[in-house]
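Below you'll find the structure, written out as structure tokens, and then a few comments.
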Amino acid sequence: MRLRRFKAANMREAMARLREEMGETAIIISTEDLPDGRVEVTAASERRKDTSTDRRQTEDTAFSPVRDQLEMRLKARLRGEARADGTARGPGFVSADLAAILQDQRIPEPMSERLLNAASAHDGDDAEAALAHALGMVLNFQPMGEKLPGSIMLIGTPGAGKTVTAAKLAARAVLAGQQVDFITTDAVRSGALAQFKAYADVLNQDVADVRGPDELALMLDTRAELGRARPCIIDTPATNLHDRAELDHTARLVVAGRSATPDNIVEPVGVLAAGGDIDDMTEAAQYFAQLGCRRVIITRTDATRRLGGTLAALATARLAAAEFGIKPYLAGGLAAATPRRLATLAITKSATSAPRPNILPRRPLGDAEADTSGDLFGPSESTPA
């Protein structure tokens with residue numbers, strides 16, 4: 001695949017350039033509004049032939065929902081419809097507004113008080129700027145940058161999104177002109193290697209799979225002996241925090257990464273999904289810290305409405321926020337973690353500004369029609385009444 005970025009004054013102009021240079025078959029991966037008012041479109045097209053029908057079918061299936069979503073968004077924007085992402089806000093916020101936002105986000109009370117005290121020292125009535133100032137005082141932020149400074153090992157609990165995060169990091173590095181290597185140690189989860197190779201193929205990167213800490217240490221030593229200077233992204237099996245064998249296995253992988261030469265030491269980085277239970281997220285973050293992680297990538301910030309667990313986990317484990325997963329797409333799927341961005345996320349998601357989903361009411365349990373073989377929304381055509 002070949003990745004290209006197109007920047008233009010508006011979406012119509014960007015799409016015209018994209019179609020002219022890459023053709024009608026190009027796959028749109030992401031769109032983004034730039035700070036200077038322009039727009040940026042990232043697209044991909046075939047660069048090398050693949051005679052495998054199965055592979056083509058897999059890629060088409062993987063991209064079709066992304067393409068459908070983007071086409072709808074592009075059509076709406078080309079018709080001149082306004083965006084409804086809640087980013088436009090006027091002045092006039094006061095401390096009561098900020099307190100309501102923190103409460104809505106389920107920020108623990110002690111931490112909320114610290115944030116409010118820090119925000120009160122900010123000069124101005126803009127809640128977003130005040131909250132950003134407070135977050136910068138209370139939490140740590142260490143973005144990774146478009147190009148990776150060195151090799152990293154992603155660690156996370158089941159469902160945290162380590163593999164897709166690895167692909168997003170690699171996509172950003174490739175678009176910035178940096179080549180990376182993929183290494184997976186996940187030989188446990190069914191289909192894990194195939195998934196990792198599918199992402200790597202899109203980015204024209206190779207994947208090496210190793211079976212355990214000893215093989216990983218050997219591969220890292222071999223890379224050093226061969227002078228392989230490019231950074232690598234290492235995916236690990238999901239770690240169940242209640243399984244001693246899995247905890248020990250992940251710890252041994254981290255030790256193997258540290259045993260590399262001083263110039264090629266692998267940094268362990270935690271991957272934590274937003275929106276989880278506060279205690280579970282805090283427990284996972286503390287485990288990352290015990291393994292030697294200094295920072296963590298927060299995934300699924302686009303798919304959750306409350307960030308209280310995220311803030312509590314970062315503060316309790318004293319970990320720095322590195323990146324936020326803001327989109328499901330490979331290109332543009334990560335954003336550098338900064339106090340301002342986190343403040344924007346919290347305010348946008350707050351009940352005071354974010355749209356609420358329409359939830360169908362559940363029928364009372366005593367309703368005779370409610371007992372439909374477990375169907376909460378009544379009988380279907382195929383379900384006898």
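Given the conditions (1) within 30 Å of Gly276 (Cα to Cα); (2) at pLDDT 85 or above; (3) among the small types (Gly, Ala, Ser), which single one is not true for Ala217?
(1)
For Gly177, which of the numbered conditions (1) farther than 30 Å from Asp243 by Cβ; (2) over 18 Å from the mean Cα position of the chain (by Cα); (3) touching a residue at least 60 places away in the same chain (Cβ under 8 Å) fails to hold?
(3)
Could you check, for the stretch 253-271, whether at least one of its residues is over 17 Å from Pro143 (Cα atoms) and without any contact (Cβ under 8 Å) to a residue 24 or more places away in the chain?
Checked against the condition, which is being over 17 Å from Pro143 (Cα atoms) and without any contact (Cβ under 8 Å) to a residue 24 or more places away in the chain, the stretch 253-271 yields at least one hit.
Going by the conditions given, is Ala84 open to solvent by 30 Å² or more (accessible area, probe 1.4 Å), touching a Pro at 6+ places or on another chain (Cβ under 9 Å) and either at pLDDT 70 or above or within 30 Å of Leu311 (Cα to Cα) (or both)?
Numbers: open to solvent by 30 Å² or more (accessible area, probe 1.4 Å): yes; touching a Pro at 6+ places or on another chain (Cβ under 9 Å): yes; either at pLDDT 70 or above or within 30 Å of Leu311 (Cα to Cα) (or both): yes.
For Ala84, the condition - open to solvent by 30 Å² or more (accessible area, probe 1.4 Å), touching a Pro at 6+ places or on another chain (Cβ under 9 Å) and either at pLDDT 70 or above or within 30 Å of Leu311 (Cα to Cα) (or both) - is met.
Starting from the stretch 128-157, take each residue that is assigned to a strand (DSSP E or B) and list its partners that are of a type outside the set (Asp, Glu) and open to solvent by 30 Å² or more (accessible area, probe 1.4 Å), counting only C-beta distances under 7 angstrom and pairs at least six apart or across chains.
Phe141/Thr338; Phe141/Pro339; Gly156/Ala238
Show the residue pairs meeting these rules: Cβ distance below 9 Å; 6+ apart or different chains; first residue within the stretch 5-21 and closer than 15 Å to Glu32 by Cα; second residue open to solvent by 80 Å² or more (accessible area, probe 1.4 Å) and part of a strand (DSSP E or B).
Hits for this filter: Ala14/Lys7.
Any idea which residue in the stretch 292-304 is farthest from the chain's Cα centre (by Cα), counting only those that are surrounded by fewer than 17 Cβ atoms within 10 Å (Cβ to Cβ) and of a type in the set (D, E, K, R)? Walk me through how you get there before you give the answer.
Looking only at the stretch 292-304, we keep the residues that are surrounded by fewer than 17 Cβ atoms within 10 Å (Cβ to Cβ), and these are 292, 294, 302-303.
Filter once more, keeping what is of a type in the set (D, E, K, R): 294, 302.
On the way: Arg294: 18, Asp302: 8 Å.
Ranking the candidates gives Arg294 first.
For the stretch 134-144, does any single residue satisfy the condition of being under 17 Å from Thr301 (Cα atoms) and under 14 Å from the mean Cα position of the chain (by Cα)?
yes
With a cut-off of at least 3 residues that are at pLDDT 95 or above, name the strands (runs of 3 or more DSSP E) lying wholly within the stretch 254-368. Step through it out loud before you land on a result.
Numbers: elements: 267-273, 295-299, 320-325, 334-336.
Output list reads 267-273, 295-299, 320-325.
Evaluate the stretch 225-237: report whether one residue or more is of a type in the set (D, E, K, R), open to solvent by 10 Å² or more (accessible area, probe 1.4 Å) and at pLDDT 90 or above.
So far as the stretch 225-237 goes, no, none of its residues is of a type in the set (D, E, K, R), open to solvent by 10 Å² or more (accessible area, probe 1.4 Å) and at pLDDT 90 or above.
Of all residues in the stretch 99-122 being part of a loop (DSSP other than H, G, I, E, B) and in contact with a His (Cβ under 9 Å, 6 or more places away or on another chain), which is surrounded by the fewest Cβ atoms within 10 Å (Cβ to Cβ)? Explain how you work it out, then say what you get.
Residues of the stretch 99-122 that are part of a loop (DSSP other than H, G, I, E, B), as a first pass: 105-108, 121-122.
Next, only the ones that are in contact with a His (Cβ under 9 Å, 6 or more places away or on another chain) stay: 121-122.
Details: Ala121: 10, His122: 17.
Here the residue is Ala121.
Looking only at the stretch 147-158, filter to residues that are modelled with pLDDT of 90 or more and open to solvent by 40 Å² or more (accessible area, probe 1.4 Å); which one of those is nearest to Glu40 (Cα to Cα)? Walk me through how you get there before you give the answer.
Let us first name the residues in the stretch 147-158 that are modelled with pLDDT of 90 or more, namely 147-148, 150-158.
If we keep only those that are open to solvent by 40 Å² or more (accessible area, probe 1.4 Å) as well, we get 147, 158.
Details: Lys147: 19, Pro158: 33 Å.
The selected residue is Lys147.
For the stretch 272-298, what are the residues that are farther than 18 Å from Arg106 by Cα and in contact (Cβ under 8 Å) with a residue 40 or more places away in the chain?
Hits for the stretch 272-298 are Ala284, Tyr287, Phe288, Leu291, Cys293, Arg294, Arg295, Ile297.
Hey, could you check the stretch 179-202 for residues that are open to solvent by less than 30 Å² (accessible area, probe 1.4 Å) and part of a loop (DSSP other than H, G, I, E, B) and say which is modelled with the lowest pLDDT?
Asp186
State yes or no: is Arg244 closer than 22 Å to Asp181 by Cα and surrounded by fewer than 15 Cβ atoms within 10 Å (Cβ to Cβ)? Before the answer, list the steps.
Values: closer than 22 Å to Asp181 by Cα: no; surrounded by fewer than 15 Cβ atoms within 10 Å (Cβ to Cβ): yes.
Against the criterion (closer than 22 Å to Asp181 by Cα and surrounded by fewer than 15 Cβ atoms within 10 Å (Cβ to Cβ)), Arg244 does not qualify.
The values are calculated or read from the model by the stated rules, or taken from the named source; none is laboratory data. Source: prediction; values computed, not measured. Virtual Cβ from ideal backbone geometry, glycine too; neighbours counted across all protein chains shown. These area figures cover heavy atoms from the full protein model, side chains too; ligands, DNA and RNA do not enter into them. Shrake-Rupley method; radii C 1.70, N 1.55, O 1.52, S 1.80 Å.
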